[in-house]
Amino acid sequence: MGEKKGDQKVNIGIIGVGGVGGYFGGKLAQAFQGDDRYNIYFIARGTHLAKIKEQGLILKTHQEGELRCIPTLATEEISQLPPLDICLICVKSYDLQQVLLALKPKLKATCHILPLLNGVDIYDRIRKVVFQGNVYPACVYVGTHILEPGVIEQTGGTCKIILGKDPQKEDEATLLKEVLKKANITFEWTKEYWEEIWSKYMFIASYGLITTIYNKTIGGVYKDPELSEQVKYLMQYIKELALLEGIHLKETSIEESYHKASTFPYETKTSFQRDYEKGTGRDEREIFGATLLRLGKKHGLSVVGIEKIYNQLV
Ligand SMILES: NC(=O)C1=CN([C@@H]2O[C@H](COP(=O)(O)OP(=O)(O)OC[C@H]3O[C@@H](n4cnc5c(N)ncnc54)[C@H](OP(=O)(O)O)[C@@H]3O)[C@@H](O)[C@H]2O)C=CC1
Ligand SMILES: CC(C)(CO)C(=O)C(=O)O
């Protein structure tokens, strides 16, 4: 499906306008502001939503300065959305199921669904609930968070979305690619998306766990020899898991993944760490920790070392 003709509008939903959704959704809203062929819908809640309604979303970026992004509509109610042509899913994994159930009736049969969550089984989680549309497995390296209600700060990462074809479909995501290009969002369409998603997982599960447990930034962990050893231990384990799941990561994947930390500012915190620090008990440990144990047990790997690390989370 290419660009829409006539007075048909392209309805784009950003589900969860936090760090990731605020960055990409903000760029989309900015790009299409005043262009009545595109409607941009933000799903947000609480004081963050109230501020967005009041002043628009303020997006502070590393490369492009500060942008004020005004969507067509910002609301907490997914039921208020029109049928969507494109949907970026940007909630944390613990909110995914509930959001999918609400979204399901709002996704057109041709909808282009782009999940930007961390994790190796996000595609499967979505496909258990949503049968229509095209779900493009994806990952992204971007350091971004809600600085204060209504304000997103992006400080590091390439900001490039790596995505590929829905494994169950033949669609090439023409409309989504056009929209991303128009909004100046960098992306790479690849056949190797599972390798990319597992590589990202190797990076974020390892650094996520160690930054969180030791209360250090990504730079702090990278510069600490003992913590770096733990990161590499986790990476080695994830590389083995990937292979057992049929994904062959490169010979150099651990070294590359370990050094990726140096492409983020020293002070960068992981999204897992930010949640954990809030102490609300709502965090992605299931994705970053429990999944390592579950898959390890499934394949008969020794999980003693992983359990020792995981059990340090309170
Ligand atoms: N932050 C980063 O730098 C990166 C994060 N990721 C991954 O991306 C995903 C999103 O992370 P991130 O952007 O940091 O998360 P955030 O917590 O910053 O953003 C998610 C937002 O979605 C909102 N939300 C969730 N459910 C609903 C709902 N039903 N209605 C309205 N709003 C809702 C949350 O509101 P509330 O706060 O009220 O719960 C929150 O504002 C995660 O899987 C993360 O691991 C991937 C790459 C980089
Ligand atoms: C480390 C980072 C910022 C890299 O994209 C990330 O994915 C996260 O914190 O969840």
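Values quoted throughout were computed directly from the atomic coordinates according to the rules given, and no laboratory measurement underlies them. Since this is a predicted model, take the numbers as computed values, not measurements. Note that we place each Cβ from the backbone using ideal geometry, even for glycine, and neighbour counts take in every protein chain shown.
What pairs in 60/250; 51/92; 51/108; 51/223 have C-alpha atoms more than 28 Å from each other? Let's see the in-between values first.
Values: 60/250 35 Å; 51/92 21 Å; 51/108 30 Å; 51/223 38 Å.
Long pairs (Cα-Cα over 28 Å): 60/250; 51/108; 51/223.
Between residue 160 and residues 5 or more places away or on another chain, which pairs have amide H atoms under 5 Å apart, with H built 1.01 Å from N, and which residues are they?
Residues meeting the amide H criterion: 141.
Which Rg and Dmax, in Å, describe the Cα atoms of the chain?
Cα-based Rg and Dmax for the chain come out at 19.1, 61 Å.
Could you list the square roots of 5 times each eigenvalue of the Cα gyration tensor of the range 146-212, that is, the equivalent ellipsoid semi-axes, sorted largest first and rounded to whole Å?
Details: eigenvalues 130, 82, 18 Å².
Taking √(5λ) for each eigenvalue gives 25, 20, 10 Å, largest first.
With a/c under 1.5 counting as rounded, go ahead and sort the range 133-258 into rounded, prolate or oblate using the C-alpha gyration tensor (a ≥ b ≥ c being the square roots of the eigenvalues; past the cut-off, prolate if a/b is larger than b/c, else oblate). Don't skip to the answer; put the middle values down first.
Numbers: a/c = 2.63, a/b = 1.28, b/c = 2.05.
Here the range 133-258 falls in the oblate category.
Residue 160 versus residue 240, label points 7 Å from Cα toward the beta carbon: distance in nm?
Rounded to a tenth, the inter-label distance reads 3.1 nm.
Work out from phi, with θ = phi - 60° and the Karplus expression 6.51 cos²θ - 1.76 cosθ + 1.60, the ³J(HN,Hα) of each residue of the range 158-170, listed in order in whole Hz, and give x for Gly and Pro.
7, 6, 8, 8, 10, 8, x, 5, 4, x, 9, 10, 9
Can you tell me the alpha carbon radius of gyration of the range 1-77 divided by the globular rule-of-thumb value 2.2 N^0.38 Å?
Details: Rg = 12.5 Å, N = 77, 2.2 N^0.38 = 11.5 Å.
The reported ratio for this selection is 1.09.
What lysines sit close enough to residue 216 to cross-link, taking a C-alpha to C-alpha distance under 17 Å and skipping anything fewer than 8 places away on the same chain?
Candidates past the 8-residue exclusion: 232, 260, 269, 278.
Name the residues of the range 128-145 whose amide N is less than 16 Å from a point 7 angstrom out from the Cα of residue 79 along the C-beta direction?
none
If you bin the C-alpha pair distances of the range 10-190 every 5 Å from 0, what whole percents do you get?
1, 9, 19, 23, 23, 16, 7, 2, 0
So for the range 216-314, what percent of the C-alpha to C-alpha distances run longer than 19 Å?
Values: 2377 of 4851 pairs.
Considering the range 216-314, 49 percent of its Cα-Cα pairs are separated by more than 19 Å.
Please list, in chain and number order, the residues 5+ apart from residue 268 or on another chain whose amide H is under 5 Å from its amide H, with Hs placed from the backbone.
Hits under the 5 Å cutoff: 218, 219.
So, in nm, how far is label residue 304 from label residue 290 when the simple model puts each one 7 Å beyond its Cα toward the Cβ?
2.5 nm
Would you calculate the separation in nanometres between label points at residue 35 and residue 8, each defined as 7 Å from the Cα along the Cα-to-beta-carbon direction?
With each label placed 7 Å out from Cα toward Cβ, I get 1.7 nm.
Quick check: the distance between the Cα centres of the range 42-103 and the range 150-193, to the nearest angstrom?
17 Å
How high is the FRET efficiency between residue 256 and residue 178 when r is their beta carbon distance and R₀ equals 30 Å, given to the nearest 0.05?
Numbers: r = 31 Å, r/R0 = 1.05.
The computed FRET efficiency comes out at 0.45.
Taking amide H positions as placed in the peptide plane 1.01 Å from N, state which residues far from residue 147 in sequence (5 or more) or on other chains have amide H under 5 Å from it.
Counting only residues 5 or more places away or on other chains, the set is 152, 153.
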